[in-house]
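Q: Next up is a structure, given as structure tokens.
The values are calculated or read from the model by the stated rules, or taken from the named source; none is laboratory data. Nothing here was measured: the structure is a model prediction, and the numbers come from that model. A quick note on method: Cβ atoms are made from the backbone with ideal geometry, for glycine too, and the neighbour counts reach across all protein chains shown.
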Amino acid sequence: MSRIGALFLLLTLQQVATATSTLFPPSNASTAAAARLACHQLETTLSSSIVQTNGTEYESAATDAWNLQNTVFRPTCIVFPRVAGHVQVAMKAIFDAGSHYAVQAGGHSAMQGWNTVQDGVLIVFSEMKIASYDPVRDSITLEPGIRWVDAIAAVEAFGVAPAGGRLGDIGTGLLLGGGLSYLAASQGYSADTFMEVDVVLVNGELVTATATNKYSDLFRALKGGGNRFGIVTRYELQAIHTGTEEDSEWFGGLILYNSSAEAILNATARYTREVNDPKAALLISMSIQIIDGVGSPVYLATPFYNGPALPEDIFGEFLSIPAMVSQLGPLSYSGVAETLGLGDQRGLTQHFGASALLGDDSLFLDAFNHWTNFTTTYQDNFNSTTLAFTPITELQIQAGRNKGGNIINAPHGGFAAVQIYQTFNPGVVDIPANVQDGINLLFKQIPPSPGLPLYLNECDEEQEVFKSYGDYELMREIYVKYDPTKYNVNHMRGPLGLE
Ligand SMILES: Cc1cc2nc3c(=O)[nH]c(=O)nc-3n(C[C@H](O)[C@H](O)[C@H](O)COP(=O)(O)OP(=O)(O)OC[C@H]3O[C@@H](n4cnc5c(N)ncnc54)[C@H](O)[C@@H]3O)c2cc1C
């Protein structure tokens with residue numbers, strides 16, 4: 001190992017104590033003993049390739065998470081299940097021992113400790129990655145370890161795709177937070193396409209939840225409930241008929257701007273208020289890239305239309321703003337999903353926060369101005385900062401309701417999910433307290449418009465996302481039904497609101 005590498009490792013290991021000491025549930029001697037007990041039990045019942053306490057595969061799984069903060073934890077053991085039965089055995093041992101635990105699929109949580117654990121058992125789905133298409137049920141079945149790039153590739157020849165995410169390296173944990181894809185306007189949140197979900201409950205029982213069986217309440221809660229309701233071992237999703245690679249039924253791509261922020265924001269606000277077309281999709285990302293202390297704006301639009309061209313009345317404003325780069329053309333759905341790349345870079349501390357806006361142009365501009373001031377004040381800490389907008393249309397909300405509804409239960413009327421996102425400088429593990437204060441102030445300056453839900457997958461871990469859901473009270477009832485001792489809340493990091 002190089003000297004810099006050794007120093008970096010030392011630094012990160014020193015940070016473990018700091019990184020974990022502030023976390024709830026706390027890690028201490030008794031939680032460490034419970035984890036050892038669970039791991040010992042698992043080592044005697046499962047093979048040594050499934051349960052590991054050290055070695056190359058252990059290390060690479062422990063350090064693979066996207067956010068650097070989630071790579072400094074060292075789980076007492078890591079379970080690599082091959083089948084749902086292994087997850088059942090693991091969950092039962094964890095529960096019986098009273099151990100902390102965590103689950104990791106694609107590893108892209110920005111939230112500290114949501115996909116890894118110190119002094120606990122980590123379940124990693126890297127050995128469960130199969131995707132298949134069933135033409136009779138017209139459904140796509142995914143094992144939880146697959147990433148969207150592979151899931152889309154596996155079924156594209158059948159002319160179908162799962163509603164997943166917009167970057168390839170992200171995993172299926174996205175579904176449990178809702179899921180925003182380029183198919184959302186016609187399909188709802190990605191989780192709205194659930195047909196069946198196999199879940200290992202906190203006591204180790206494996207159940208299949210559907211919209212109509214006796215687990216229909218659990219089924220609804222999984223569409224937005226994150227990691228709180230159980231461990232999913234199989235997702236069956238409606239197949240969306242997006243065309244084969246040759247069909248190229250889509251049009252769109254990438255537009256990059258380095259100025260005209262106000263025009264882009266006005267166009268975004270208008271799109272959010274007015275556009276309601278099931279074939280249209282848009283993501284707007286306003287970023288500042290900081291190199292040697294100098295910030296450069298990179299504003300990005302990804303307009304897509306499931307048709308031969310971008311309709312002028314929907315995208316005309318974005319197309320008329322002078323751009324640095326404009327790469328637009330016919331695309332297959334896999335081409336659409338590859339437009340922003342994989343998002344697989346690792347090694348830096350990442351932080352997300354969420355808001356949700358609906359209103360006139362000035363609301364979006366105000367948010368941008370606060371974010372710009374924040375960026376300028378703290379920019380020495382950052383590699384980049386981003387303020388991103390995903391319009392969520394009335395049609396998307398209606399599509400979810402037509403499919404039985406989700407626990408997010410957003411109100412009628414479209415809005416924009418707003419992501420407030422910072423990437424820190426290399427070597428930074430803990431977010432400096434003054435920067436976190438600045439982030440918290442920014443959340444107050446860009447509050448969600450009344451009644452709108454925050455997006456779980458893009459939140460800060462202290463934000464009360466569940467409380468912003470339309471069905472929060474129902475969610476609480478469902479939670480205590482399936483986890484009466486509140487084991488998950490007390491033994492696993494995750495969203496607040498079910499304590
Ligand atoms: C670069 C990037 C791009 C993104 N793009 C999008 C996007 O286009 N659309 C969108 O909606 N979101 C997007 N996100 C946010 C993304 O949805 C979340 O980060 C999501 O949680 C990632 O899922 P994962 O499986 O990769 O991560 P993980 O960290 O492995 O899992 C996320 C959470 O789900 C839990 N979990 C995972 N699998 C299971 C399971 N089988 N059972 C129970 N709990 C489980 C984990 O414990 C964790 O709390 C993006 C994030 C990044 C970093």
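Q: Do we find that D138 is away from the ligand (no atom under 12 Å from the Cβ), acidic (D, E) and touching a helix residue (DSSP H, G or I) at 6+ places or on another chain (Cβ under 9 Å) in this structure?
A: no
Q: Right, next: Looking only at the stretch 82-115, count every residue that is within 10 Å of the ligand (Cβ to nearest atom) and not in a strand (DSSP E or B) and tell me the total.
A: 11
Q: State yes or no: is A161 among the small types (G, A, S), crowded, with 24+ Cβ neighbours inside 10 Å and away from the ligand (no atom under 12 Å from the Cβ)?
A: It is true that A161 is among the small types (G, A, S), crowded, with 24+ Cβ neighbours inside 10 Å and away from the ligand (no atom under 12 Å from the Cβ).
Q: Here's another thing I want to ask about it. Pick from P426, P495: which is more than 21 Å from the chain's Cα centre (by Cα) and modelled with pLDDT of 95 or more?
A: P426
Q: Show me the strands (runs of 3 or more DSSP E) entirely contained within the stretch 165-282 in which 1 or more residues are small (G, A, S), at pLDDT 95 or above and touching a helix residue (DSSP H, G or I) at 6+ places or on another chain (Cβ under 6 Å).
A: Fully inside the stretch 165-282 and qualifying: 206-209.
Q: Continuing with the same structure: Do we have Q345 as out of contact with any helix residue (DSSP H, G or I) (no Cβ under 9 Å at 6 or more places or on another chain), surrounded by fewer than 21 Cβ atoms within 10 Å (Cβ to Cβ) and assigned to a loop (DSSP other than H, G, I, E, B) here?
A: yes
Q: How many residues does the stretch 370-402 contain that are assigned to a helix (DSSP H, G or I) and out of contact with any helix residue (DSSP H, G or I) (no Cβ under 9 Å at 6 or more places or on another chain)?
A: Qualifying residue count, the stretch 370-402: 7.
Q: Going residue by residue through the stretch 453-461, is there one that turns out to be touching a Phe, Trp or Tyr at 6+ places or on another chain (Cβ under 6 Å) and more than 18 Å from G179 (Cα to Cα)?
A: no
Q: Condition first: within 16 Å of the ligand (Cβ to nearest atom), of a type in the set (S, T, Y), touching a strand residue (DSSP E or B) at 6+ places or on another chain (Cβ under 8 Å) and assigned to a loop (DSSP other than H, G, I, E, B). Can you find one or more residues in the stretch 451-472 that meet it?
A: Yes.
Q: Something else about it: Please enumerate the residues belonging to the stretch 316-338 that are assigned to a helix (DSSP H, G or I) and touching a residue at least 40 places away in the same chain (Cβ under 8 Å).
A: Once the filter is applied, which keeps residues that are assigned to a helix (DSSP H, G or I) and touching a residue at least 40 places away in the same chain (Cβ under 8 Å), the stretch 316-338 yields E317, F318, L319, Y333, S334, G335, V336, A337, E338.
Q: Exactly one condition in (1) part of a helix (DSSP H, G or I); (2) within 22 Å of the chain's Cα centre (by Cα) is false for K444; which is it?
A: Every listed condition holds for K444 apart from (2).
Q: Next up: Which of (1) more than 30 Å from D460 (Cβ to Cβ); (2) of a type in the set (S, T, Y); (3) at pLDDT 95 or above is the odd one out, the single condition T76 does not satisfy?
A: Only one criterion in (1) more than 30 Å from D460 (Cβ to Cβ); (2) of a type in the set (S, T, Y); (3) at pLDDT 95 or above is unmet by T76, namely (1).
Q: Could you run through the stretch 121-133 and say how many residues are in a strand (DSSP E or B), touching a residue at least 60 places away in the same chain (Cβ under 8 Å) and farther than 18 Å from Q88 by Cβ?
A: Selection size over the stretch 121-133: 1.
Q: State yes or no: is I152 buried (at least 24 other Cβ atoms within 10 Å of the Cβ), away from the ligand (no atom under 13 Å from the Cβ) and either in a loop (DSSP other than H, G, I, E, B) or at pLDDT 95 or above (or both)?
A: no
Q: Still on this model: Could you list all residues from the stretch 240-278 that are β-branched (V, I, T) and touching a strand residue (DSSP E or B) at 6+ places or on another chain (Cβ under 6 Å)?
A: I240, T242, I255, I264, T268, T272
Q: Between residues in the stretch 250-279 that are acidic (D, E) and residues that are modelled with pLDDT of 95 or more, which pairs lie under 7 Å by C-beta distance while being six or more apart or on different chains?
A: Pairs that qualify, where the first residue is acidic (D, E) and the partner is modelled with pLDDT of 95 or more, are E262/L365; D277/A185; D277/I314.
Q: So, one more: Scanning the stretch 425-452 for residues that are small (G, A, S) and touching a helix residue (DSSP H, G or I) at 6+ places or on another chain (Cβ under 8 Å), which turns out nearest to F352 (Cα to Cα)?
A: Across the stretch 425-452, the extreme among qualifying residues is G438.
Q: Going residue by residue through the stretch 303-310, is there one that turns out to be in a strand (DSSP E or B) and under 20 Å from the mean Cα position of the chain (by Cα)?
A: No: the stretch 303-310 contains no residue that is in a strand (DSSP E or B) and under 20 Å from the mean Cα position of the chain (by Cα).
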